[in-house]
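To keep things clear, I will list the structure first and then write my remarks on it.
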C-alpha cells in the first residue's frame, strides 16, 4: 500500500538535529501558488456519495485487496452492466448514489451522518477543456482526514491531514469527454494522527474546502514569494517546473511601483533581492494596503494580492513595521454562523466572522485555532487588516516518540507555510497547544520550531503553553505565583499561555485581580486563551456559572488581572462564537456545544462581548 503524501520521505531515527536540512525535503511536489487566481475549473457542487464504514472499498478481510464488486473507484457504468445480466453483481453504484454538497462537512448534510466517523466515497463527473500541450492538476484545499484520489479508475494519489492543501497532476489521466473523479475520505483519527481522536471540537469529515482542476502551460510557475526585510529590501524567489524551466528570465512587478528581473538557475529557481520602492506603503491593521503583484516567466503569469510589512520582537515588545503593537484579538474555530455548521467557509461566511472581530470587538488580531483555516479566511484577514496566529493541530497530546508522527507534523507545517507565506496578515506560527511537559514532547516541539525557522525565518514562533501555580519559596508561607515552567520557552519568540482561573479550579472572580504572575521579562507574553461558558439569554442575578452575568464578570476580573502583567503584549480570549464539541453534553446548557463564545452559534452577542469590545476600544486609543 502506498504511503500517504505527507509521509513519503523516511525519517532516519529521531533525526531532530537534522530538521533544518530536512526542511528542504518537505516541499510538496507541486504547490501551485496563487491557484485561486489561475485558469481553473471549480468542481464544487453536488457530488454523489456512498458510505463505507467497514472500508470494503479499500480492503477485504485480513487486509486482502477489495473485491471488485465493492471498489467504489471503478470507472464503470453499473446500471449498464446490470442490464446485461449474467452471474456478476455489484454492491455499490456511485452514479445513482445520494447527493451531497461539496465543499462541506458531511456531518451537517444528513441527520444519519451527524456522528458518522469513517470512510465515505465521493464522486463527481466533469468535462475538461483541451490541454493543447499544457498540463492539468487537481488541487484540493482540504480533505478531512485522509484522502484517496482516483481519476477514471486510476489512483492519482493520497494525502493525510485535514486542513492543508495538496495538488496532484492529472495531465495523463484526463480524457476527452466525461471524466470520473472519485475520492475516498476517511475521517477516522487514532493515536498516530494529528490531531488524535481526543479533542474539544468537532473534527468533521468530508471534502471541506474547494476542489479545482487547474490548467497551466507545459512550463509553469509553481511557486512565487516575496517578503519585506527589516533593512528595507524585498527578497523572494520563483520556482518553475517543466521542460523549459532552466535559464528562463523571470519578471516580477509590484503594482506600478517596481519591476525586476532575474534568471532561473538549472533547477528553475530565480532569486530576487531588490530595494523596496520609495512609495511602498507598509501593510498594517490600520492601513491594510495590498498590491497587485505579477510574476511572469516563459508563457506563464501568476498574480497575487500581497502586502508588505515587517514583524519582529525587541525585548518584551512586538514590533510591527518597527513600532510596538498590542494584539487585540480573539480565538476562532472554523465554523460559520448558524445552528448546523458545515465548515463551508465561503467568503461571506468568513467575512461575517472577521467583521465581528474587526468592527464589533475593535480587534486587530485573530488566533486561528487549532489548525490552518481556509485560504479564504486568511486572504480576508489580509484585506480587512487582521494579524493572524496560525497553528497546526499538535494539540493536547500526540505520539511524541514516533518519528512517523513527527514527520506528519513537519509536513503539515510545511504545507501551511508554503500556502500562507505571502499573506502579510500571518505574523506568528504556533508549534503546539496545551501539551503536557515531558522530554519527548519538548524534543518534538523543538523539532517543529526548528522546522519553522528553516522554512520561514521572517515570522515569529510561539506556542500556547500551560501555566502552574507555585510558591516562590518552598516554605509554606511563600508567596504563590502563576508561572510558566516549560523548557520549550527557549525555542519561542513570543510566550503564550492559556489560563482559566475563575472558570476551572476554585478561584472566585473577586480573587482574579490579585493573582500574581512571574514570567520572563525579556520576551513578550500573550494570553492565548482565557474564557468562561455562558448560554446566550441565560440570566441570573446571583451570578451563577453558565450565565451571561458570570461570563461578563469573569472577563472584567480577568482583564483587571491582565493589566498587572508588565510584559503582556496581546490576548486572544476563548472564543468568538460557540462551537460544536461532542465533549460538552449538559442537556440544558450545552447539547454538544462549547459555550465559551462571546457570540452564540447564530451570532447573538452575550454581555461579555461588550466588556471586551470596550476594553479593546480603550486599548486602541493608546495603540
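Each reported figure results from applying straightforward, stated rules to the coordinates on display, with no laboratory input. All of these numbers come straight from a predicted model, not from anything done at the bench. Using ideal geometry, Cβ is built from the backbone for each residue, glycine included, and neighbour counts are taken over all protein chains shown.
Tabulated data for the structure shown
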read-out	value
Degrees separating the helix 548-562 axis from the principal Cα axis of the chain, which is the longest one	70 degrees
Value at 222 nm in deg cm²/dmol, rounded to 500, when DSSP H runs of n ≥ 4 in the chain each add -39,500 (n - 2.57)	-4500 deg cm²/dmol
For peptides 442-452, 338-348, sequence by mean Cβ density within 10 Å, most packed first	442-452, 338-348
Compactness of the range 570-616 as Cα Rg over 2.2 N^0.38 Å, two decimals	1.22
Residue 481-residue 504 FRET efficiency (beta carbon distance; Förster radius 22 Å; 0.05 resolution)	0.75
Unit Cα scatterers, Debye sum, the range 55-128: log10 I(q)/I(0) for q = 0.17, 0.26 Å⁻¹	-0.83, -1.24
Protection proxy ranking of 143-149, 435-441 - average other beta-carbon atoms within 10 Å, highest first	143-149, 435-441
Debye intensity ratio in log₁₀ form over the Cα atoms of the range 131-180, taken at each q of 0.19 Å⁻¹	-0.65
Using distinct alpha-carbon pairs, which all enter the 1/r mean, Kirkwood radius of the range 393-622 in Å	19.3 Å
Neighbour-count ranking [beta-carbon atoms within 10 angstrom, fewest first] of 94, 571	94, 571
Exposure proxy order (Cβ contacts within 10 Å, fewest to most) of 391, 434	434, 391
For peptides 319-326, 275-282, 99-106, sequence by mean Cβ density within 10 Å, most packed first	99-106, 319-326, 275-282
At 1.567 mPa s and 4 °C, Stokes D of the range 351-454 from Kirkwood alpha-carbon radius, µm² per second	89 µm²/s
Simple label model, 7 Å out from Cα along Cβ direction - residue 82 to residue 402, nm	4.0 nm
Nearest 10 degrees, 0 to 90: helix 439-455 Cα axis against the chain principal axis	70 degrees
Cα centroid separation, the range 401-454 to the range 56-77 (Å)	36 Å
Quarter of the Cα convex hull surface for the range 231-309, i.e. its orientation-mean projected area (nm²)	5.4 nm²
For the range 577-596 and the range 163-209, distance of Cα centres in Å	27 Å
0 to 90° range, to nearest 10: angle between helix 403-420 axis and the chain longest Cα axis	90 degrees
The range 231-309: relative contact order in percent, alpha carbon pairs under 8 Å with at least 6 residues between	31 percent
Sites residue 602 and residue 247 - FRET efficiency at Förster radius 51 Å, r taken between beta-carbons, to 0.05	0.30
Ranked list, fewest to most other Cβ atoms within 10 Å of each Cβ, for 540, 382	540, 382
Matching label, Rg and Dmax of the Cα atoms in Å computed from the structure shown, candidates (1) 27.5, 86; (2) 31.7, 113; (3) 25.2, 88	(3)
The range 31-216: Cα Rg divided by the 2.2 N^0.38 Å rule of thumb	1.04
